[in-house]
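Here's the structure, in structure tokens; my notes come after.
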Amino acid sequence: VTIDVADLFPGAADGVYLNTASMALGSRQGVDAINRAVDQWSRGRFDWSKAEVVAEEVRSLVASLLRVDANDIAQVSGVSAGAATVAAQLPSTTASGANVVVPARDYASNFLPWMLLEDRGYELRAVEDVSGELSTDAFAKVIDSHTALVATSLVQSFSGFRVDLDGLKQLTRDSGAWLVLDVSQALGAIDIDVNGVDALFGCGHKWTLGMRGIAHLYVRPSLRDSFSPIVPGWNATADPMPFYGPSLSLSESASKLDASRPWFNPLVDVEGLRIITDVGIRDIEVHNMALVDELESRGVSIPFPRANRSSIVSFDVPDSDATIKGFERDNIIASARAGKVRISMHLYNTVEDVDRLVAAIA
Ligand SMILES: Cc1ncc(COP(=O)(O)O)c(C=O)c1O
């Protein structure tokens with residue numbers, strides 16, 4: 001991609017940032033927006049109604065990234081809230097064999113809400129990965145006609161493994177289960193085709209270049225009508241500013257599932273999403289995957305087939321915590337996850353970053 005990294009992400013010059021899988025690097029526009037907001041707030045001049053309008057722009061930009069209507073996107077507080085909203089729709093059951101399917105090492109926020117369904121009569125079938133790999137066959141072995149839903153991260157946070165989305169769509173179509181995706185490690189980095197997906201959610205502080213605070217929830221429109229909100233407040237009503245009852249009604253769009261929204265976050269999130277949209281999701285994916293190829297060509301072994309790779313790469317080192325500390329001394333920011341070093345590369349990363357990483361590993 002041809003972006004002016006120094007202009008859009010001045011902080012990128014302060015070392016090698018390989019940690020978007022934890023949180024995005026702040027954009028110049030995002031940092032300016034939040035600084036302005038803090039200043040206005042400190043003087044009692046912060047206009048929250050404008051922040052509400054910006055939050056609607058965030059909704060539209062996320063919708064366009066997913067090629068759906070803005071009315072199909074809800075804004076919730078985190079992935080945990082997105083998953084809990086979907087989980088809440090499953091009624092208690094006494095049906096024998098009722099189950100939900102989740103990767104055993106999926107991220108906690110996309111695991112615990114499904115685990116709680118055990119209290120409502122569902123068996124949680126955890127799909128074990130093999131060295132990070134989650135094959136479609138491994139899902140197929142546990143899915144049956146009693147599977148209510150399959151909930152998986154599209155890209156696994158600890159390993160960077162990208163599940164075979166088409167394969168999962170086929171499996172869930174055949175079995176009648178809902179396909180639910182956590183796209184936290186994909187939205188903003190990967191072009192996602194929501195056709196065949198029943199619900200998805202992703203947080204806003206990673207690949208879409210926002211701040212932590214708003215997550216995005218999509219529910220297939222024909223399914224959404226039957227969904228009940230779990231945290232409805234004034235943002236979930238039909239009228240934009242209905243603070244008081246008694247004549248309140250829920251929104252008919254996905255915003256009925258909205259949580260009460262933070263006001264500073266959208267000011268940052270919108271700037272990040274504009275950058276993603278301006279550069280283009282396909283070009284970003286090509287750029288990020290070219291950096292992964294570059295890393296591989298310099299001897300870092302990447303275990304997964306090309307179709308299952310993402311902008312996250314995990315690799316073995318003798319002591320991952322010590323390696324991360326050593327990286328910090330070299331001004332390289334990465335994470336240790338599940339005993340491995342996890343690096344993640346986004347549109348602000350360059351071949352020079354790969355060079356510096358490879359030199360630090362050697
Ligand atoms: C796959 C995945 N899901 C969700 C999250 C964040 O969840 P929450 O929004 O509940 O904090 C992360 C953050 O690391 C993640 O990697």
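Identify, from the list 55, 74, the residue that is closer than 22 Å to residue 184 by Cα, crowded, with 18+ Cβ neighbours inside 10 Å and within 16 Å of the ligand (Cβ to nearest atom).
74
Looking only at residues in segment 163-182 that are of a type in the set (A, V, I, L, M) and closer than 16 Å to residue 134 by Cα, which one is nearest to the ligand (Cβ to nearest atom)?
181
From the list 130, 101, which residue is aliphatic (A, V, I, L, M) and under 18 Å from residue 197 (Cα atoms)?
None of the others qualify; the one that does is 101.
For residue 160, all conditions in the list (1) in contact with a Lys or Arg (Cβ under 8 Å, 6 or more places away or on another chain); (2) within 16 Å of the ligand (Cβ to nearest atom); (3) on the phi < 0 side of the Ramachandran plot hold save one; what is the number of the exception?
Only one criterion is unmet by residue 160, namely (3).
Residues that are in contact with a Pro (Cβ under 9 Å, 6 or more places away or on another chain), buried (at least 22 other Cβ atoms within 10 Å of the Cβ), modelled with pLDDT of 95 or more and not in a helix (DSSP H, G or I): does segment 236-258 have at least one?
Yes - at least one qualifying residue is present in segment 236-258.
Which strands (runs of 3 or more DSSP E) sit wholly inside segment 264-362 and have at least 1 residues that are of a type in the set (Val, Ile, Thr)?
Correct list: 312-315, 340-344.
Condition (residue is in a loop (DSSP other than H, G, I, E, B), within 15 Å of the chain's Cα centre (by Cα) and not polar (S, T, N, Q)) applied to segment 131-149: is it met by at least one residue?
no
When only residues in segment 95-111 that are in a loop (DSSP other than H, G, I, E, B), within 16 Å of the ligand (Cβ to nearest atom) and not hydroxyl-bearing (Ser, Thr, Tyr) count, which is surrounded by the fewest Cβ atoms within 10 Å (Cβ to Cβ)?
Filtering segment 95-111 for residues that are in a loop (DSSP other than H, G, I, E, B), within 16 Å of the ligand (Cβ to nearest atom) and not hydroxyl-bearing (Ser, Thr, Tyr), the one surrounded by the fewest Cβ atoms within 10 Å (Cβ to Cβ) comes out as 104.
Among the residues that make up segment 209-220, is at least one of them touching a residue at least 40 places away in the same chain (Cβ under 8 Å), on the phi < 0 side of the Ramachandran plot, touching a Leu at 6+ places or on another chain (Cβ under 6 Å) and not in a strand (DSSP E or B)?
no
Counting only residues that are closer than 20 Å to residue 25 by Cα and either of a type outside the set (D, E, K, R) or surrounded by 16 or more Cβ atoms within 10 Å (Cβ to Cβ) (or both), how many does segment 347-362 have?
Total meeting the criteria: 9.
In the set 282, 261, which member is surrounded by 18 or more Cβ atoms within 10 Å (Cβ to Cβ) and within 24 Å of the chain's Cα centre (by Cα)?
So the residue among 282, 261 that is surrounded by 18 or more Cβ atoms within 10 Å (Cβ to Cβ) and within 24 Å of the chain's Cα centre (by Cα) is 261.
Would you pick out the residues in segment 185-205 that are within 16 Å of the ligand (Cβ to nearest atom) and assigned to a loop (DSSP other than H, G, I, E, B)?
185, 186, 188, 189, 192, 197, 204, 205
Any residue in segment 74-86 that's within 11 Å of residue 235 (Cβ to Cβ): show its pairings with residues that are within 12 Å of the ligand (Cβ to nearest atom) and in a strand (DSSP E or B) at Cβ separation under 6 Å, as long as the two are six or more apart or on different chains.
Pairs that qualify, where the first residue is within 11 Å of residue 235 (Cβ to Cβ) and the partner is within 12 Å of the ligand (Cβ to nearest atom) and in a strand (DSSP E or B), are 74/217; 76/215; 76/217.
Quick grid of which residues meet (1) surrounded by fewer than 19 Cβ atoms within 10 Å (Cβ to Cβ); (2) acidic (Asp, Glu); (3) more than 16 Å from the ligand (Cβ to nearest atom); (4) modelled with pLDDT of 95 or more:
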| residue | (1), (2), (3), (4) |
| --- | --- |
| 15 | yes, no, yes, yes |
| 19 | no, no, no, yes |
| 22 | yes, no, no, yes |
| 28 | yes, no, yes, yes |
| 43 | yes, no, yes, yes |
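How many residues, within segment 128-151, are buried (at least 23 other Cβ atoms within 10 Å of the Cβ) and either within 14 Å of the ligand (Cβ to nearest atom) or without any contact (Cβ under 8 Å) to a residue 24 or more places away in the chain (or both)?
Residues meeting the conditions: 2.
The values are calculated or read from the model by the stated rules, or taken from the named source; none is laboratory data. Because the structure is a prediction, the values reported are computed rather than measured. In this analysis, Cβ positions are derived from the backbone assuming ideal geometry, glycine residues included, and neighbour counts consider all displayed protein chains.
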